[in-house]
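See below for the structure under consideration.
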Amino acid sequence: MSLTLCSPTLCLYFSLSLGLSLWAVAVLLVALLCLDPHSRVSSAPICTHGPSGCHVPSLADLFDRVIQHSARMHSLSNDLHSEFEQYFLPSKNSIGKIYRKCHTSSILTPNGKENAQKLAREELTEVILKLLMAWRDPLFQLHQSMAHQQDFNSFSSNKALEMGDMTHELRKGVEKVAEKMRVLGMLGNSVTGLSPAETMLPISDSGEAMSNYELLYCFRRDSNKVQNYLKILKCRIIPEHDC
Amino acid sequence: MMLNSIMYSKWAQYMFIGVSAPGKPKLTSCRSPEKETFTCWWEPGEDGGLPTTYALYYHLENSETVYECPDYKTAGNNSCFFNKNDTSLWVNYNITVVATNALGKNISEPVEVDVAYIVQPNTPENVTAVVVDEDQGPFVRVSWEKPRTADTRSGWITLLYQLRVKQQKDKEWEEYNAGMQKYYNVFSLHPDTEFMVQVRCKPDHGFWSEWTQTTYIKMPDYIPRQRSLWIIITIFSVFIVLILTWTLNVKRNSVKLCLLPPVPGPKIKGFDKQLLKSGKTEEVFNSLVIQGFPPTIDYDDLLVEYLEVYDNEEQELVLDGKDLSEDCIKSKSPSDCDSGRGSCDSRTLLLEKCMVGRKGSGSDQHQYSQHGETSWASTESSECQGLEPGSPESSDGRVKTWPVVFSSPQPHHHYQAETVKPVYHSVPEILNHSSPHIMPTNYHHLHHQDIPQQEGRHGKPACRHSQSYNHFNLDGLNTPAPGVSPSRSLEYVEVQRVNPENMLLLRPLSDPNREPEGSDYAGEDYSKVKEVTSNNILLLRRDTSHHCVDDYSQASQCTTQQPPHPCKPVIYQSNSGMPQEGMRVMGNGYVDSTVLMPSY
């Protein structure tokens with residue numbers, strides 16, 4: 001009797017069968033995964049041929065996107081500000097801390113929940129847009145000055161640049177939301193477009209430009225305001241389980 | 001005077017005790033639970049031994065107006081509570097605490113506070129943990145509610161929740177982030193153990209709340225079942241089994257060869273496997289037995305001397321034939337004992353016997369013809385019924401018998417003195433005969449035409465009565481063998497071997513292929529030929545009795561169906577086209593077969 005139980009052809013057959021069964025198991029696993037309804041991910045088609053076959057984002061979706069954007073923006077500003085404080089200011093509550101008025105202090109913003117809830121939707125939307133508009137140029141300046149100064153690393157200057165872009169994007173988004181609301185009849189026509197005169201340059205009382213730190217400080221606050229206002233607006237217009 | 005002295009005494013009292021102005025207080029923390037109100041706590045310094053009062057003052061950024069804390073009581077000692085009206089977001093508060101006692105006051109360090117960034121919500125409420133039983137195993141569902149004060153409904157504040165679980169004995173907690181939802185499913189908990197659960201929350205930009213009170217939950221006892229894994233394993237193994245089966249099926253021949261190697265069968269000539277399987281071992285072994293091997297020699301017979309008995313009466317009876325009688329007479333000269341008498345003697349004896357074999361050598365059990373003498377002796381007395389040499393087939397159909405005598409080499413010398421010499425007899429043509437009588441079984445009826453070979457060995461002249469015998473043979477034969485010429489010479493044959501069908505395969509001695517036998521001529525075997533097959537193979541019958549007994553192997557059967565009667569000898573015709581054979585059987589179908597006689 002031959003001692004080799006596995007002739008070459010038998011070995012080939014065994015290996016083939018093993019490969020086949022492994023492939024079958026892989027197919028099974030994929031099938032099982034696909035059967036799980038929670039794992040399904042659906043994507044919206046690109047609206048290339050008009051609104052007929054398109055998945056038009058609803059107002060709720062728009063609001064969600066905008067709010068997420070503002071949250072991202074605020075976190076960026078927060079990071080930059082704390083970075084500044086760590087490296088350039090020895091103590092948080094230093095006596096010598098001089099801060100000037102933010103250039104956006106002329107914009108009347110509600111400073112409490114009730115005040116914010118008292119405002120109409122149109123006014124609230126307008127405040128948001130004003131704020132965002134006011135920061136377009138100062139952020140650009142901030143990035144410029146941070147890039148030039150060698151104290152900052154490239155990472156911080158990139159953040160500043162990103163922050164500026166985000167603000168721009170957010171403004172666009174909020175404008176779209178306002179447009180949608182106007183279409184839906186939620187907004188009256190009292191919202192006026194921002195005039196170029198609204199844009200202010202951050203010039204302090206003493207005439208000097210604000211320092212980077214002050215800019216960051218002011219921007220952090222304003223981004224927080226924007227985020228809060230947007231949330232209030234959303235929950236007032238679309239009261240969902242998130243609110 | 002009295003008043004001055006009282007005041008002086010009091011002052012002196014203070015001076016003697018050792019009091020001083022209060023120490024500097026310190027603001028420890030300010031917190032807002034819902035981003036609508038906030039509270040500040042301070043830490044008093046040394047009080048200086050005198051009752052000290054604390055006052056909190058604040059002013060907003062970019063404003064010089066100083067306000068005092070509106071509420072010292074709500075939040076407890078050393079605290080200041082700012083209600084909704086006094087709280088402004090996104091505005092820096094500059095807060096200081098002033099400690100005042102009789103001897104002086106002290107002002108704390110100022111603290112900048114922006115309410116939007118000091119939010120720390122209250123703990124979540126109504127934490128409940130429930131065991132949910134499902135197919136895949138039970139799990140714990142923890143649910144809670146938001147802190148009452150936090151207003152998430154209007155979107156003013158957004159809370160993120162977190163819970164942690166551990167067993168009583170564990171040191172570390174297992175933390176899970178629940179996001180904004182107010183429930184969480186905890187899986188993979190150990191069965192039959194008690195767990196502790198706690199929950200806390202945090203605003204999107206702020207501080208974590210305190211952990212809730214511990215909630216206890218007990219997991220039931222269960223056996224974890226992972227069904228999907230078992231399904232996969234089962235299907236996998238089924239696949240493997242199916243493919244292996246198919247592979248084995250395709251390759252079953254080689255697998256069978258591998259696992260069950262063919263058992264080599266027995267390779268014995270004459271061994272019949274079927275017989276063995278049927279279980280009849282006797283028959284199996286019987287088939288192995290070669291007829292006439294080993295040659296059993298009746299030594300008694302060997303020692304018996306040849307005796308020629310001449311009887312006038314018998315002679316007259318016998319000598320009816322023409323030539324034969326002459327020969328017989330001639331051969332009967334007592335003086336000529338040696339000269340071929342043996343061979344001729346056999347003839348004469350044959351004639352004398354007048355087919356005495358009809359009586360049969362019943363006593364003869366041997367196959368060999370050594371008992372021929374005895375049979376002669378026994379049959380001598382039997383009637384010779386007018387057997388005409390010329391007509392072997394007498395009316396009564398008796399087959400002439402030519403007893404042939406073989407002798408073994410050992411007792412050969414015994415015969416030297418006598419006339420008997422070992423003789424090889426050619427197998428005469430088997431004539432179609434029907435005779436109720438059987439020659440004594442072990443006689444081979446042979447014509448021998450010439451025995452030139454034997455001459456030298458046995459010193460016996462060849463019997464040259466062939467012609468007469470031929471003539472003798474052919475006369476009166478009813479059915480002479482077709483194609484067999486009368487002048488056909490007879491030859492000595494030798495039994496080459498016995499094939500499994502119990503047939504003696506004969507070979508003529510003149511065959512050049514035949515190997516010289518040496519001194520094995522001594523043995524002479526008689527066996528009765530039953531039939532000759534188409535291939536000129538003689539089927540020999542082993543008769544052990546007068547009766548035709550069917551104790552042979554397959555083909556042998558009594559052609560006659562009369563058990564009490566001896567079998568009719570059947571004479572067959574051999575094919576004429578076989579010159580090699582040249583075998584003829586005379587008479588009762590006895591074949592003179594020369595078997596290799598080992599020297600026993």
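The values are calculated or read from the model by the stated rules, or taken from the named source; none is laboratory data. Computed from a predicted model, the values in this text were never measured in an experiment. Cβ coordinates were reconstructed from backbone atoms using ideal geometry, including for glycine residues, and neighbour counts include every protein chain displayed. Just so you know, the surface numbers come from the protein's heavy atoms only, side chains and all, with ligands and any DNA or RNA stripped out. Shrake-Rupley method; radii C 1.70, N 1.55, O 1.52, S 1.80 Å.
A few notes on this one:
- Candidate set from the range B:30-60 (those that are surrounded by fewer than 17 Cβ atoms within 10 Å (Cβ to Cβ) and without any contact (Cβ under 8 Å) to a residue 40 or more places away in the chain); member that is nearest to A:Lys101 (Cα to Cα): B:Leu60
- Those residues of the range B:88-106 which are open to solvent by 20 Å² or more (accessible area, probe 1.4 Å), within 13 Å of chain A (Cβ to nearest Cβ) and part of a strand (DSSP E or B), in sequence order: B:Asn94, B:Thr96
- Of the residues making up the range B:178-232, those that are open to solvent by 90 Å² or more (accessible area, probe 1.4 Å) and under 29 Å from A:Val30 (Cα atoms) are B:Phe187, B:Ser188, B:Ile223, B:Pro224, B:Arg225, B:Gln226, B:Arg227, B:Trp230.
- Condition met for B:Met196 (touching a Lys or Arg at 6+ places or on another chain (Cβ under 6 Å), of a type outside the set (Gly, Ala, Ser) and more than 14 Å from chain A (Cβ to nearest Cβ)): yes
- Some residue of the range A:77-92 being open to solvent by 40 Å² or more (accessible area, probe 1.4 Å), at pLDDT below 85 and facing chain B (nearest Cβ under 10 Å): yes
- The sole residue among B:Val165, B:Val130 that is away from chain A (no Cβ under 14 Å) and either closer than 25 Å to B:Val91 by Cβ or open to solvent by 50 Å² or more (accessible area, probe 1.4 Å) (or both) is B:Val130.
- First in the range B:247-259 and more than 7 Å from chain A (Cβ to nearest Cβ), second anywhere and surrounded by 14 or more Cβ atoms within 10 Å (Cβ to Cβ) and modelled with pLDDT under 85, Cβ under 8 Å, 6 or more apart: B:Leu248/B:Val255; B:Val250/A:Tyr13
- Verdict on B:Val113 being at the interface with chain A (Cβ under 10 Å from one of its Cβ atoms) and either acidic (Asp, Glu) or not in a loop (DSSP other than H, G, I, E, B) (or both): yes
- Residues that are among the charged types (D, E, K, R) and open to solvent by less than 80 Å² (accessible area, probe 1.4 Å), drawn from the range B:168-177: B:Asp170
- Residue selected from the range B:52-87 under the condition assigned to a strand (DSSP E or B) and hydroxyl-bearing (Ser, Thr, Tyr), by the criterion nearest to B:Ser32 (Cα to Cα): B:Ser79
- Within this structure, B:Val142 passes the test of being buried (at least 18 other Cβ atoms within 10 Å of the Cβ) and either over 30 Å from B:Cys80 (Cβ atoms) or at pLDDT 95 or above (or both).
- Among residues of the range B:151-162, those that are in contact (Cβ under 8 Å) with a residue 12 or more places away in the chain, in a loop (DSSP other than H, G, I, E, B) and buried (at least 19 other Cβ atoms within 10 Å of the Cβ), counted: 3
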